[in-house]
Amino acid sequence: MEGFDVTASEEMTGTRLSFHCWPSNRLEATRSVAPFGALYTPLKKLPPQCAPGQALPYDPIRCSSCHAILNPYSQVDFRSKLWTCPFCLNRNQFPPHYAENITEQNLPAELIPQFTTVEYTLQSIPNAGPPCFLFVIDTCGSQANKEELAEVADSIQQALNLLPPESLVGLITYGTNVSVYELASESIAKSYIFRGNREYSPGRVGELLGCTPRAPAPQAPGQPQQPQQIPAGPGQEVLERFLLPVSECSFVFETILDDLRRDPWPVPSDKRPARATGCALSVATSLLHLAIPRRGARVMLFTSGPCTSGPGAIVSRMKEEDIRSHADLAKNAESLHKPACEYYAKLAHPSLFANPTTDKKKKQPAPAPTTAPFHTVDVFACSLDQVGLLEMRQLVEATGGLMVLGDSFGQSVFKESLRRVFNRYADDVPEDGGQLQIAFCSSLEVLTSPEFKVAGALGPVTSLGKNAPNVSDQAIGTGGTNLWSIGGIDPGTTIAVYFDITNVSPVPQEKRRFIQFLTKYQHANGTTRLRVTTLCGPWHNPPTLPKDDPMAERQAMMNSPVRMSFDQEAAAVLTARLAVHQTETDEVADVLRWVDRSLIRLCSKFAEYEPDNAQTFRLSPEFSLYPQFMFHLRRSQFLQLFNSSPDEAAYYRYILSREGTTNSLVMIQPTLLSYSFNGPPQAALLDAESVRPDTILLLDTFFHVVVFHGETIAAWREQGYHEQEEHAAFRDLLEAPQADAQLIMDARFPVPRYIVCDQHKSEARFLMAKLNPSVTHNSNLDDGSGGGGANQVNTDDVSLRVFMEHLMKLAVQT
């Protein structure tokens, strides 16, 4: 069984599996060490040969027993008009409109063999209408930069021009208090002020905005009897005054943005501004719940500092009290952290907390949501200080929102990222051409064959509490269910799903395993769609071996198709997500030990070696890169908290939890390109020895794109050689990495920070910190292992070579 193409499934189905051939029993699965899981990208655009070009305009056919959906792996009896479900082997009757027309030559799209992914436009759910975008702006501003508010207003004005004309928009600003603007008021800017030190339920928001149910107009005497009218609810009045189509209110909206001023409340020099972020989000989510409870919407928060007032505050107003650090959180010394986390978490589902209990001492357990949230919360935070991303992460994650973290609203990190939220499909894309790429109110259900179960999922997911028969007792990540809310999604959102092989006896030789991903979401045009992806794969029965014969066992493992089907890239990302998830409950040192032990056990299982002889250790190509992925994961900002704030750590970890395989690998092990006069650009080792005076390096860490000039190159540039015609080749050499860096940044969200630096200068640290420290200040520079001190990395971390030596020694121990 040679030749597993482990990357082909990503292009064909939007999935990557850690193993493509699975052992048929639980014991062998446990011995394989690496998690059995899938990375699934629900909105990935697939080539026309792998999926129908358009969504099917009818509801799907489901199995009457396990509720799996008809797919190409279903066996069809064309004579009796029956189909057999591959998941539970139940025989099902085709409905009449199928039975009349189906033949071997006339198959519906969902039975065509190459269409393992199909989309349905569900006819049973009415069109919800265009989406809504509610902009929530922090007017406290930055003390250092007085132009921040103008930058935000300018970016939002540009965003309005990118929205479809029928999209609804609304505006809320906040500082000490919260202002909700009435966009229907054209003659004068009109806003309703909410006190920033309290929380507001949807009903209370409607009452304070004057949106109460209106009685029907009285009937004049003598007129014929008219049918009784239903009184307009408060939600309808909100839609008439506060949430309007952008085509109707763009002038009023832009006028308000032009007139925005900083919060007028005075701020003493020893205090922080009173910033009511928690109250503003409460009003925003309540407003949407009141007006459009079942329509897709995004709350887009633009904040430049921490919440200091009212519910959700993360720090007091007194500057003498520092904002929480990693050390404070480790000691549980921050009294505001936990209440803030709980507050923001419950804002994801305003309907569950519409009537908060008045008894503060009697804490009610949070009710579990039963449907995916229709309203997504995005946070655009631009500040040199922390803003509370750590506390707000639960809200963003539960709703499938976006996070963007920058230093200033004038940076391209913010400006370009905001524009890309509103990216549309190309006009030539069938059916979806010109539509927004983002989707709303998404949920993911996973169905499996009986031999294995769903252990859990990691990513922007929330359990919807469906405890189906295929749910494992062993929970990984968000477990105990096979149905999750994933809220707002885009074509890059990727969910990691983990499986537990529960079978104990050998399976028949021709038996296959099946996985079905059901993603239900609200499209930007208001329709509800269901994407169905069905995967099929082989089982492997371990051969019966003589007892106490390690050589026979090792030989069987060498020829095992499970080993040959390993996808080290997907496995590295699945392991990284699992490690990052464990940091929420365990100490980082414990997580690092778990990563190390798992790697040693994996290499001991799958490497070729003679016992107790490290010189014979060898990894096959399927596993050869995995140890260095783990080496760089251990040194990454996901597991090392040094030199990062709690907000930055939360941001990095959240982005890792929602990106696909390729982008996640770039975060774990950055890519390095080398440019020189010796030839075309080429990939370079992520090693200190790649730093040379006569080369330019292009480093991509996903969050940063760094163009690093060697010492000689920088000196030539300073002397202006690139401006002379006879040195056109040098000018081309300088421009080449910048052009490639632009290509990287054009295709990425969030937009990375672009850094141009020179060797031995301050910003060179962005490159040096990511390199394998093969040469350090502790190295013996005369032993031939490294170069001069010019390219040494000042760190106490071990190098990859030392790491591999220890790994080989421990893996071969008997």
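The values are calculated or read from the model by the stated rules, or taken from the named source; none is laboratory data. Computed from a predicted structure; not experimentally measured. Neighbour counts run over all protein chains shown; Cβ positions are idealised from the backbone, glycine included. To get the accessible areas, we keep the full protein, side chains included, count just its heavy atoms, and leave off ligands, DNA and RNA. Shrake-Rupley method; radii C 1.70, N 1.55, O 1.52, S 1.80 Å.
Values computed for the structure shown
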quantity	calculated
When residues of segment 701-742 are limited to those that are within 21 Å of Leu767 (Cα to Cα) and small (Gly, Ala, Ser), the one nearest to the chain's Cα centre (by Cα)	Ala741
Residue list for segment 274-284, restricted to those being surrounded by 24 or more Cβ atoms within 10 Å (Cβ to Cβ) and in contact with a Ser or Thr (Cβ under 9 Å, 6 or more places away or on another chain)	Arg275, Ala276, Thr277, Gly278, Cys279, Ala280, Ser282
Yes/no for Ala313 being outside any loop (DSSP other than H, G, I, E, B), within 28 Å of the chain's Cα centre (by Cα) and either farther than 20 Å from Phe135 by Cα or modelled with pLDDT of 95 or more (or both)	no
Condition met for Pro506 (at negative phi, within 19 Å of the chain's Cα centre (by Cα), assigned to a loop (DSSP other than H, G, I, E, B) and surrounded by fewer than 19 Cβ atoms within 10 Å (Cβ to Cβ))	no
Search result, residues across segment 621-639 that are open to solvent by less than 10 Å² (accessible area, probe 1.4 Å) and under 25 Å from Gln394 (Cβ atoms)	Leu633, Ser636, Phe638, Leu639
Condition check for Pro491: in a loop (DSSP other than H, G, I, E, B), under 16 Å from the mean Cα position of the chain (by Cα) and over 19 Å from Tyr652 (Cα atoms)	yes
The listed residue being of a type outside the set (Gly, Ala, Ser) and in a loop (DSSP other than H, G, I, E, B), out of Tyr98, Tyr73	Tyr73
Residue within segment 185-193 that is open to solvent by less than 30 Å² (accessible area, probe 1.4 Å) and among the hydrophobic types (A, V, I, L, M, F, W, C) present	no
Pairs, first touching a residue at least 60 places away in the same chain (Cβ under 8 Å) and over 15 Å from Arg272 (Cβ atoms) in segment 307-333, second surrounded by 12 or more Cβ atoms within 10 Å (Cβ to Cβ) and of a type in the set (A, V, I, L, M, F, W, C), C-beta under 7 Å, six or more apart	Pro311/Cys279; His326/Leu641
Where a residue in segment 572-583 is under 13 Å from Ala649 (Cβ atoms) and its partner, wherever it lies, is of a type in the set (Ser, Thr, Tyr), with Cβ under 8 Å and at least six apart	Val580/Ser657
Residue check for Gly477: open to solvent by 20 Å² or more (accessible area, probe 1.4 Å) and under 21 Å from Ala570 (Cα atoms)	yes
Residue ID - farthest from the chain's Cα centre (by Cα), chosen from residues in segment 254-281 that are among the hydroxyl-bearing types (Ser, Thr, Tyr) and at pLDDT below 95	Ser269
Selection from segment 457-479 of residues that are under 20 Å from Ala345 (Cα atoms) and either over 20 Å from the mean Cα position of the chain (by Cα) or in contact (Cβ under 8 Å) with a residue 24 or more places away in the chain (or both)	Ala457, Leu458, Gly459, Pro460, Val461, Thr462, Ser463, Leu464, Gly465, Gly477, Gly479
Some residue of segment 778-785 being acidic (Asp, Glu) and at pLDDT 65 or above	no
Candidates Arg79, Arg91, Arg31 - the one that is touching a residue at least 60 places away in the same chain (Cβ under 8 Å) and open to solvent by 40 Å² or more (accessible area, probe 1.4 Å)	Arg31
Of all residues making up segment 650-689, the number that are part of a strand (DSSP E or B) and aromatic (Phe, Trp, Tyr)	1
Qualifying positions in segment 715-755 - open to solvent by 40 Å² or more (accessible area, probe 1.4 Å), out of contact with any Pro (no Cβ under 8 Å at 6 or more places or on another chain), within 30 Å of Pro491 (Cβ to Cβ) and not in a strand (DSSP E or B)	Gln738, Ala739, Gln742, Leu743, Asp746, Ala747, Phe749
Scan of segment 316-341 for residues that are basic (Lys, Arg) and under 24 Å from the mean Cα position of the chain (by Cα), ordered by number	Lys338
Some residue of segment 788-800 being more than 30 Å from Val421 (Cβ to Cβ), open to solvent by less than 30 Å² (accessible area, probe 1.4 Å) and at pLDDT 80 or above	yes
Total residues in segment 402-419, condition farther than 14 Å from Thr303 by Cα, of a type in the set (Ser, Thr, Tyr) and open to solvent by 10 Å² or more (accessible area, probe 1.4 Å)	1
In segment 427-460, the residues that are in a loop (DSSP other than H, G, I, E, B) and under 24 Å from Gly129 (Cβ atoms)	Asp427, Val429, Pro430, Glu431, Asp432, Gly433, Gly434, Gln435, Gln437, Ile438
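Listed here are the residues, each with its yes/no results for (1) touching a Phe, Trp or Tyr at 6+ places or on another chain (Cβ under 7 Å); (2) surrounded by fewer than 20 Cβ atoms within 10 Å (Cβ to Cβ).
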| residue | (1), (2) |
| --- | --- |
| Gly537 | yes, yes |
| Thr544 | no, yes |
| Ala571 | yes, no |
| Leu592 | no, yes |
| Asp596 | no, yes |
| Leu599 | no, no |
| Ser604 | no, yes |
| Gln615 | no, yes |
| Leu641 | no, yes |
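Results for (1) within 20 Å of Ser325 (Cα to Cα); (2) small (Gly, Ala, Ser); (3) in contact (Cβ under 8 Å) with a residue 60 or more places away in the chain, shown as yes or no for each residue.
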residue: Ala556; (1), (2), (3): no, yes, no
residue: Val562; (1), (2), (3): no, no, yes
residue: Asp567; (1), (2), (3): no, no, yes
residue: Leu599; (1), (2), (3): no, no, yes
residue: Asn613; (1), (2), (3): no, no, yes
residue: Leu619; (1), (2), (3): no, no, no
residue: Gln637; (1), (2), (3): yes, no, no
residue: Ser645; (1), (2), (3): yes, yes, yes
residue: Tyr652; (1), (2), (3): yes, no, no
